[in-house]
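To start, the structure under review is shown below, and the notes come after it.
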Amino acid sequence: MRRQFLNDPQDVVPEALEGFAAAWPHHVRLHGEPTYVVRARHSPDKVAVVSGGGSGHEPLHVGFVGTGMLDAAVPGAVFASPTAVQIRAASLATDTGRGVLHVVKNYTGDVLNFRIAGELLAEEGVSSEVVLVDDDLATDTGDGDGPGRRGTAAVLAVEKVCGAAAELGADLASLAALGRRVAAGGRTLSVALAAGAHPGESRPSFDLPADEVEFGVGIHGERARERRAFAPARELVPQMVSPLVEALELRRGEQVIAIVNGLGATSDLELYGVFGQVRGFLEGSGIDVARRLVGSYVTSLDMAGCSVTLVRADEEILRLWDAPVSTPALTW
């Protein structure tokens with residue numbers, strides 16, 4: 001039997017949120033019925049930046065609520081979208097009269113409920129815009145059918161850059177255009193060495209032979225389109241980075257933000273080794289790693305694996321990335 005630190009599996013999300021709010025009282029405040037997390041100190045006269053999604057990806061999204069990033073985050077159950085009622089309530093709680101920017105990962109439930117919330121807000125005279133993050137290269141079929149690419153770790157860059165711009169007074173239309181530009185310039189690939197297990201479950205969500213990796217796995221444990229042979233990092237990392245460079249059509253001399261992200265059960269020791277391989281590959285291709293972030297920020301419960309995200313950067317994006325941020329999970 002797989003052992004986990006929990007009481008009733010049905011209570012894992014509300015209990016975790018209570019603990020999270022108690023641990024970070026100077027940053028966040030937890031609202032219940034409907035559930036959402038907001039900044040402990042309301043920010044007047046700015047566009048509100050709101051995001052959310054299923055739990056199980058911590059610290060995404062609640063860990064990024066704070067100065068220079070999100071005004072509110074709306075958590076759903078494990079791997080389940082928050083409701084439109086939650087999103088509406090969080091948006092109304094943070095709106096200062098300048099509108100609300102919704103940053104949404106491209107999953108059917110999230111897209112639907114944020115759209116409904118936007119319609120409800122419009123009926124109440126609150127303006128809102130959506131930035132859809134769809135960076136997962138593994139789900140890029142190129143045929144225009146289906147829901148399109150999934151949203152994964154590039155959402156972190158969108159939230160950071162848009163949060164900084166909102167703090168500096170950008171209007172809603174400008175923020176939406178900026179967020180879409182960042183999202184369009186971001187792509188991600190994820191590799192799993194072992195699947196995670198849902199709270200209370202004794203087995204992982206899928207089995208994986210010791211000599212294979214799940215190449216292109218989703219952050220909800222979705223199976224990839226292919227499995228590849230397990231290999232040392234010096235062989236696996238180029239297989240992840242090369243398609244990202246190709247998809248973004250990066251050229252020598254261009255700048256990127258590189259994010260090496262752990263999926264829940266991967267040590268920092270491994271992640272920094274992966275980043276070294278990512279940096280070496282990119283610099284060998286003449287691409288400048290202008291900024292980097294290494295750690296577990298968009299997880300999948302206790303999945304063993306990592307993702308690599310590249311975001312095309314220019315001077316405006318780098319300036320906003322460098323702007324001060326103070327949240328439970330990200331501070332500089």
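Read the figures in this text as sums done on the coordinates, not as results from a lab. Source: prediction; values computed, not measured. In this analysis, Cβ positions are derived from the backbone assuming ideal geometry, glycine residues included, and neighbour counts consider all displayed protein chains.
Computed values, structure above
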item	result
The range 57-98-the range 247-322 distance, computed between alpha-carbon centres (Å)	25
Counting DSSP beta bridges with both ends in the chain, the antiparallel % (nearest 5)	55
Principal axis dimensions, largest first and in whole angstrom, of the range 190-332 by Cα	48, 35, 24
In Hz, Karplus ³J(HN,Hα) per residue of the range 266-273 (6.51, -1.76, 1.60; θ = phi - 60°; x = Gly, Pro)	10, 6, 4, 4, 5, 5, 5, x
Sorted by Cβ density within 10 Å, fewest first, the residues SER205, SER285	SER285, SER205
Whole-number D in µm² s⁻¹ for the range 183-260, Kirkwood Cα-pair radius fed into Stokes-Einstein, 25 °C, 0.890 mPa s	173
Using alpha carbons only: equivalent-ellipsoid semi-axes of the chain, gyration tensor based, whole Å	30, 24, 18
Other-chain or far-sequence residues with amide H under 5 Å of GLY53's (modelled H)	VAL74, GLY76
Karplus (6.51, -1.76, 1.60) ³J(HN,Hα), θ = phi - 60°, over the range 103-112, in Hz, Gly and Pro reported as x	9, 10, 6, 7, 10, 3, x, 4, 4, 5
Whole-angstrom gap from the range 13-52 to the range 127-189, using each part's C-alpha centre	22
Point-charge dipole on Cβ atoms (K/R +1, D/E -1) for the range 9-184, about Cα centre, debye to 20	400
Helix-derived mean residue ellipticity, 222 nm - over the chain, DSSP H n ≥ 4, -39500 (n - 2.57), to 500	-10500 deg cm²/dmol
Selected from GLY66, TYR107, ALA22, residue furthest toward positive end of dipole (the range 9-184; charges at beta carbon)	GLY66
Charge dipole (the range 186-320, unit charges on Cβ, about Cα centre) - positive-most of TYR297, GLY262, GLY286	GLY286
Computed magnitude of the charge dipole of the range 164-246 (debye, nearest 20; Cβ of K, R +1, Cβ of D, E -1)	180
Computed lengthening from ALA77 to ASP145, 0.36 nm per intervening residue step minus Cα-Cα distance	21.7 nm
Under Karplus coefficients 6.51, -1.76 and 1.60, residue-wise ³J(HN,Hα) of the range 251-258 in Hz, glycine/proline x	10, 4, x, 6, 10, 9, 9, 10
Distance histogram in 10 Å bins (all Cα pairs of the range 9-184, percent per bin)	11, 42, 36, 10, 1
Relative exposure of ARG223, ARG41, judged by other C-beta atoms within 10 Å (fewest first)	ARG41, ARG223
Full-extension gain in nm, GLU249 to ARG234, via 0.36 nm per residue minus C-alpha separation	3.1 nm
Nearest-20 debye value, the range 134-191 charge dipole, Cβ charges on Lys, Arg, Asp, Glu	140
